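A short reminder: the numbers here are calculations on the coordinates, not readings from a lab. Fair warning: this is a prediction, and the values are worked out from it, not measured in the lab. As a convention, Cβ positions derive from the backbone with ideal geometry for all residues, glycine included, and neighbour counts pool all protein chains shown.
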Amino acid sequence: MAYIGKSPAVGNFVKLDAISTSSTNTYNLTVDSVAFVPESANHMLVSLNGVIQAPLSSFSVSGSTITFIPASGTLSSSDSIDFIMVYGNVLDIGTPSDSTVTNAKTNFVSTSSNAGLQIKGDNTTAGTLQLNCEQNSHGIKLRSPPHSASASYTLTFPTTDGSADEFLKTDGSGVLSWATAGGTNTPAFNVKTSTGQSIANGTSTEIVFGTENFDTDNAFASNTFTVPSGKAGKYFLFAQAGRQAWDSDRFMLQMQKTPSGGSTVDIGVGESAINVNKYHTTGVWAVVDLAVGDAIKIMIYHDSGATRTLSSDERTVFQGFKLL
């Protein structure tokens, strides 16, 4: 195939700032008062005193300066540099037309030290990113803190989209995670005994709660409340047990915590002594800081001298909820 010429260089067409001549041949090249460096003299169209100048023989460029080579030797204030145009700087694309940049051309890449996309301020308004509606008639904005705050930090989002009623919280180092809002107060549960449970004399026995009134996070099972993932915090817990018309010198409830992989400890104890055959309830409560995996159960002890039966339903209950 015959040679039809070199592929055109993608160019940026720029008219440089006006230059006032004086008794020198060397001048600074600027655009909007900012130094401008052309690709070469051959990329420029220069008019001096109404005459187009030949590159290299009539002028040369070095960095952001131009040097004229007039036949008279030196320019003076009576000379006039009519204009300087720059054409076809290699790989400069200029300003693209509206809607001409496709998604494939905006694949910005971030590095360990630089963001893939930077939204700048204008010395008056902080950098702002706007997200438009589908018809581009309105949108919301994300804006940087003001210059006076000297803010410089990174927020890293969680790996999931969270659950209903959760909010984003930071660990103090910019790492965000989902947390339950303080007003939600979940997990929350309320359980009770479904039948009168037999309790042996002189033995600490786990109370069986056979009926769940509610259990918001499915955290209660096998007579035990276990703090679920993401729900560590301060809890209010309450338990109550009733005697089914019998006496004892000692009737004691123990609220016990067993940490994941740890030893069981009492976090609350309620005790009473009734020496007549009466219906009577004894309660125990606690406000306690719990970690994920902590298991809470209720134990009962009595010394009436024989196996006895606990009151059922609302007289023997276990309930609680997350405070913070």
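Suppose R0 equals 35 Å. What FRET efficiency, 1/(1 + (r/R0)^6) with r the Cβ-Cβ distance, do Arg250 and Ser194 give to the nearest 0.05? Please list the in-between numbers first.
Working: r = 26 Å, r/R0 = 0.74.
E between Arg250 and Ser194, to the nearest 0.05, is 0.85.
Going Cα to Cα from Lys141, which lysines come in below 27 Å? Please leave out same-chain ones fewer than 8 positions away.
Lys105, Lys120, Lys169
Per 0.36 nm of contour for each residue apart, how much would the distance between Thr184 and Thr203 grow if the chain were fully extended, relative to their Cα-Cα spacing?
Working: separation 19, 0.36 × 19 = 6.84 nm, distance 3.88 nm.
Value of the extension gain: 3.0 nm.
Separation of the range 145-220 and the range 120-135 by C-alpha centroid, Å?
37 Å
Which label belongs to the value computed from this structure, given these candidates for Rg and Dmax of the Cα atoms in Å: (i) 19.0, 58; (ii) 19.8, 60; (iii) 40.7, 129?
Structure-derived value, by its label: (iii).
Identify, among Ser150, Phe321, Leu56, the residue whose Cα sits farthest towards the positive end of the charge dipole of the chain, taking +1 on the Cβ of Lys and Arg and -1 on the Cβ of Asp and Glu, with the dipole about the Cα centre.
With unit charges placed on the Cβ atoms, the residue in question is Phe321.
By how many nm would the segment from Ala35 to Trp285 lengthen if fully extended, with 0.36 nm per residue of separation less the alpha-carbon distance? Mind dumping the intermediate values first?
On the way: separation 250, 0.36 × 250 = 90.00 nm, distance 7.55 nm.
The Ala35-Trp285 span can extend by a further 82.5 nm.
Find out how many positive minus negative residues lie around Leu176, taking Lys and Arg as positive, Asp and Glu as negative, among other residues whose Cβ is under 13 Å from that of Leu176. Before the final figure, lay out each step's value.
Numbers: positive: Lys169; negative: Asp161, Glu166, Asp171.
My count for the surroundings of Leu176 gives -2.
Using the per-residue mean of other Cβ atoms lying within 10 Å as a proxy for protection, in what order, highest first, do the peptides 54-60, 171-177, 134-140 fall?
On the way: 54-60: 14.3, 171-177: 11.0, 134-140: 7.6.
In descending order of packing, they fall as 54-60, 171-177, 134-140.
For labels at Asp165 and Ser113 in the simple 7 Å Cα→Cβ model, what's the distance in nm?
Distance between the two pseudo-spin positions: 4.8 nm.
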